[in-house]
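What follows is one structure encoded as structure tokens, with my remarks underneath.
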Amino acid sequence: MRLLVGNRGEIARRIFGTCEEMGIETVAVFSEADRRAPFVSEADLAVCLGGYAPSESYLRGEAIVEAALRVGADAVHPGYGFLAEDAEFARQVIGAGLTWVGPPPRAMELMGDKLAAKELMARAGVPVLSGVLPGEGAAIGFPLMVKAAAGGGGRGMRIVRSGERLAAEVESARREAEAAFGDGRVFLERLVEEPRHIEVQIMADTHGNTVALFERECSIQRRHQKIVEEAPSPFVDSDLRGRLSEAAVAAARAVDYVGAGTVEFLVAGSGEFWFLEMNTRLQVEHPVTEEITGLDLVRLQIEAARDEDLSAHLEGVSARGHAIEVRIYAEDPRAGFLPTAGRMHRFRLGGRGIRVESGVESGDEIGVHYDPMLAKMVAWAPGREEAAARLSRALRRAEIHGPVTNRDLLVRILEHPEFLTGATDTGFLERHSPAELGRPLPTRSEERLSAVAAALSAQAARREAAGVLWSIPSGWRNNPSQLQVVDLVGARGEIRVGYSLSGGVTVEVDSGRVPVTGLPECGPSRVGLEVDGVLGFYRVNRVGDTHYVDGPGGLSRLVEKERYPTPGGAEQSGSLQAPMPGRVVEVVSGEGDEVEKGQVLVVMEAMKMEHGLRAPHSGRVVSVLATPGEQVESGQVLVVMAE
């Protein structure tokens, strides 16, 4: 058998892994942006779809089918996202004589339109929240939710708390849904404040077997996208689990479902729940279900697509232990989760008992064309607290050097008392500021020690490059007079490190003596510091003027200042710059407008999401340099303001 995966990144690699175990040949399809991506080289064969944007590549169903036929593939697996829930694409695959590794197109069609799905679920006896069209918002009142009628993953979703914002938010949601799914239809739904987001994994075959494989807690989200998922839910007892599972199976049977799917519910603190949607595909968070059940959901998908009876796999499945997954994104939680891009100089994840599924490797370029998720890390343990601790430790020790990520935010969530008690409703990141939770992990004192390690590793690298005898200490003078000095800038400000290795170790930070009692290791990439009798090791990776230091307290990113900087022009005061490459969607304010600090001036689209760029201070717009539809580069000035 030869299987083509019509997707990219970590999900393509995940499917390839199961195919390798099953002896199935694999085919990748890729865009020009992904030509050197890891998943491409891991497939047996690969075909370029062309272009960079999804519309030029991964959303071209006819090109994917043509690629499958050209290489003699027998089947197509859509992964998740892109065309995974597109019924017409499934029909194209089947019409070409290929096996579709997914549910029947009709089931996808019924569940893909969320308004029609709600009506169908109500008839099947599954509790639902009614949805209305945009012009009928008064019928359900405020606050309400604007939602895309097609697709998922948080795209095209907006919370609206007053009628004044409704028209603008509906239009914004329509644009985002059109860009993500090619379908700009939206509807309105009553907002349930701070519910839990709990979903049930189902698996069905063509022999009448439809089972629920326990639930997943997915309540901690940003921008309506999940970032922490776990199985089982800490909230669900056996009674609620039974009711949720029964509703999920009823939903699947109502559309004659086959394969892997997920039925999502909003669950109130009282235990009352409502159907949210059905994802007719594999979910990003499927590994946590695999970890507690021991099943391979991708294998079951393939076997179901081959009309095999799954009863031997599904009968009597039980759950053991607890699994937690986090999604690592290239984004800055302290800047409103703006996506980041650039070279990933080092990307090393793992740890004892840790499962990693990644689309990125060290040296890869993180672009702006696709979703900013880099990888998933999953921990399993006999108990929930142990799983959280194991995952938190692995995240702290991960080496992620390059664009800013949400790693520190994830660590603080996993270690937060509220999370550890199981209080994980969808309002978690509203109650706890992402900007505060996402602050750099090292404390000021820990960052200062990382700065010492950076300075000492740099001198070791200089000596090694110059071929200096190791018996001669760094900075040796016939008549020593002062410390060698390095100025660094970290997350917590400037740090001045002075050191001498002549006649012992002398270290000062910001003119204060650091009690370094030993230096057991001092190389270009690793430094051991013994401070007051406590030994810690620091891994150092220098890229240009930036030192990435992974120490006991976490990652410090330290930029070395020039000793003799050349004078240059200052950046224009008040300028609003593009934080990443992307397309200008809307210019909200014009020249001469008086605006308040934090007011949205420009809306950009990048990484499949819209991002509002806000005024850095109150004042007057002097000039607007951005045009709707324009492609802009990172750092490009879009608006100039005067205080």
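The values are calculated or read from the model by the stated rules, or taken from the named source; none is laboratory data. Not measured: the values here are computed from a predicted model. When we count neighbours, we look across all protein chains shown, and the Cβ atoms used for this are built from the backbone with ideal geometry, even at glycine. Quick note on the areas: whole protein, heavy atoms, side chains included, nothing else; ligands and nucleic acids left out. Shrake-Rupley method; radii C 1.70, N 1.55, O 1.52, S 1.80 Å.
Per-structure values
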item: 25 °C / 0.890 mPa s Stokes-Einstein diffusion coefficient of the stretch 397-556, Kirkwood radius on C-alpha pairs, µm²/s; result: 142 µm²/s
item: Label point distance in nm, residue 22-residue 399, each placed 7 Å from Cα along Cα→Cβ; result: 3.6 nm
item: Modelled FRET efficiency - R0 22 Å, residue 482 with residue 513, Cβ distances, 0.05 increments; result: 0.95
item: Kyte-Doolittle mean at least -0.5, axial Cα span of 18 Å or more - DSSP H helices of the chain; result: 9-22, 166-181, 238-254, 444-466
item: Contour excess over end-to-end distance, with Cα ends at residue 421 and residue 352 and 0.36 nm allotted per residue; result: 22.4 nm
item: Nearest-0.05 FRET efficiency for residue 492 and residue 306, computed from C-beta distance (R0 56 Å); result: 0.50
item: Options 274, 258, 341, ranked by Cα towards positive dipole end of the chain, top entry (Cβ charges); result: 341
item: Positive-end residue, the chain charge dipole about Cα centroid, Cβ charges, pick of 389, 311, 249; result: 389
item: Cα centroid of the stretch 156-198 to Cα centroid of the stretch 305-377, whole Å; result: 26 Å
item: Per residue, in Å², the accessible surface of the stretch 412-455 once ligands and nucleic acids are set aside, probe 1.4 Å; result: 37 Å²
item: Residue-count net charge about residue 42 - beta-carbon cut-off 10 Å; Lys, Arg +1, Asp, Glu -1; result: -1
item: Accessible surface of the stretch 276-389, 1.4 Å probe, proportion on carbon and sulfur as whole %; result: 42 percent
item: Rg/Rh for the stretch 1-92, where both radii come from Cα atoms and Rh is the Kirkwood radius; result: 0.92
item: Cα pair distances exceeding 14 angstrom across the stretch 345-402, given as percent; result: 57 percent
item: Size of electric dipole in the chain: Cβ of Lys, Arg +1 and of Asp, Glu -1, about Cα centre, debye, nearest 20; result: 1620 debye
item: 27 Å Cα-Cα reach of residue 226 towards lysines, excluding residues that sit fewer than 8 places from it in its own chain; result: 114, 118, 147, 376, 608
item: Solvent-accessible area per residue, Å², over the stretch 23-148 with all protein chains present [probe radius 1.4 Å]; result: 41 Å²
item: Calculated FRET efficiency for the pair residue 543/residue 502, C-beta based, R₀ 35 Å, to 0.05; result: 0.75
item: Linear extension gain, residue 436 paired with residue 600, 0.36 nm per residue minus alpha-carbon span; result: 56.9 nm
item: For the chain: relative contact order, % (alpha-carbon pairs under 8 angstrom, 6 or more apart); result: 9 percent
item: Rough spin-label spacing in nm, given labels placed 7 Å along Cα→Cβ, for residue 35 and residue 96; result: 2.3 nm
item: Theoretical ellipticity at 222 nm over the chain - DSSP helices of four or more residues, -39500 (n - 2.57) apiece, nearest 500; result: -7500 deg cm²/dmol
item: Contour excess over end-to-end distance, with Cα ends at residue 640 and residue 206 and 0.36 nm allotted per residue; result: 150.1 nm
item: Distance between modelled label sites at residue 165 and residue 268, nm, 7 Å Cα→Cβ extension; result: 2.4 nm
